[in-house]
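The values are calculated or read from the model by the stated rules, or taken from the named source; none is laboratory data. Predicted, not measured: the structure shown is a model, and the values here were computed from it. Here Cβ is always computed from backbone atoms with ideal geometry, including for glycine, and neighbour counts include all displayed protein chains. Heavy atoms of the whole protein, side chains included, go into the accessibility calculation; ligands, DNA and RNA do not. Shrake-Rupley method; radii C 1.70, N 1.55, O 1.52, S 1.80 Å.
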Amino acid sequence: MTTPYYSDDHVTLWHGDCLDVLRTLPDASVDSVVTDPPYGLTNIDSAHVSETITRWVNGDRTYLPGGSGFMGKAWDAFVPPVAVWDECLRVLKPGGHLLAFAGSRTHDLMTLGIRLAGFEIRDSIAWLYGSGFSKGGLM
């Protein structure tokens, strides 16, 4: 098993690739998964999206379209594949919850991967924020 990065009486934190760490955890051993995974904002053209969805639905749960994402890093080129969510579901205790942040342009893809892993999508929480001042002046 992976050695925790930090642990106390209330929390255990691991540092590493999520799939590598998740695969070392026992079934039904986690109360909640809260994650801010890659938003995958670069390969969202229809060809990449269609190919990815087709591969996921046909059983290729680890498929990612490749490319580079934020600051040229491959890890952020697309939302996590179904295999990540499979492992999250496996380690969750019965009744456990997943809270996964997603980009506004790719939340549909993130949710699809989560749903294909077997999660039931019950609700979503939206963070709406504004920045700066309106350009039209005050009324």
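What 222 nm value per residue comes from the helices of the chain, counting each DSSP H run with n ≥ 4 as -39,500 (n - 2.57) and dividing by all residues, nearest 500 deg cm²/dmol? Write down the numbers at each step before the final one.
Values: 4 runs with 37 residues, N = 139.
Taken over the chain, the calculation gives -7500 deg cm²/dmol.
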Subject >> Extent along principal axes [Cα atoms of the chain; Å; largest to smallest] >> reply: 57, 40, 32
Original post:
What's the angle, to the nearest 10 degrees (0 to 90), between helix 82-91's Cα axis and the longest principal axis of the chain?
Top reply: 50 degrees
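How large a share of the accessible area of the chain, in percent, is made up of carbon and sulfur atoms when the probe is 1.4 Å and the other protein chains stay in place? Mind showing how you got there, number by number?
Working: 5510 of 9710 Å².
Solvent-exposed carbon and sulfur of the chain make up 57 percent of the total.
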**OP:** Based on the mean of other Cβ atoms within 10 Å per residue, sort peptides 105-112, 3-10, 27-34 so the most packed one is first.
**Re:** 105-112, 27-34, 3-10
**OP:** Using the Cα centre as the reference, give the magnitude of the dipole from point charges on the C-beta atoms of the stretch 30-119 (Lys, Arg: +1; Asp, Glu: -1; all else neutral), rounded to the nearest 20 debye.
**Re:** 100 debye
**OP:** Within the stretch 76-92, which residues have the backbone N less than 19 Å from the label spot 7 Å out from residue 47 along Cα→beta-carbon, could you tell me?
**Re:** 77-79
Original post:
How much length is gained if the chain between residue 107 and residue 62 is pulled fully straight, taking 0.36 nm per residue apart and subtracting their Cα-Cα distance, in nm to one decimal?
Top reply: 14.4 nm
Original post:
Hey, what angle do you get for helix 46-57 against the long axis of the chain, alpha-carbon based, 0 to 90 degrees rounded to 10?
Top reply: 20 degrees
**OP:** Report the label-to-label distance for residue 54 and residue 24 in nanometres (one decimal), using points 7 Å from each Cα along the Cα→Cβ vector.
**Re:** 3.8 nm
Subject >> Cβ-based charge dipole, the chain, positive-most Cα from 64, 128, 25 >> reply: 128
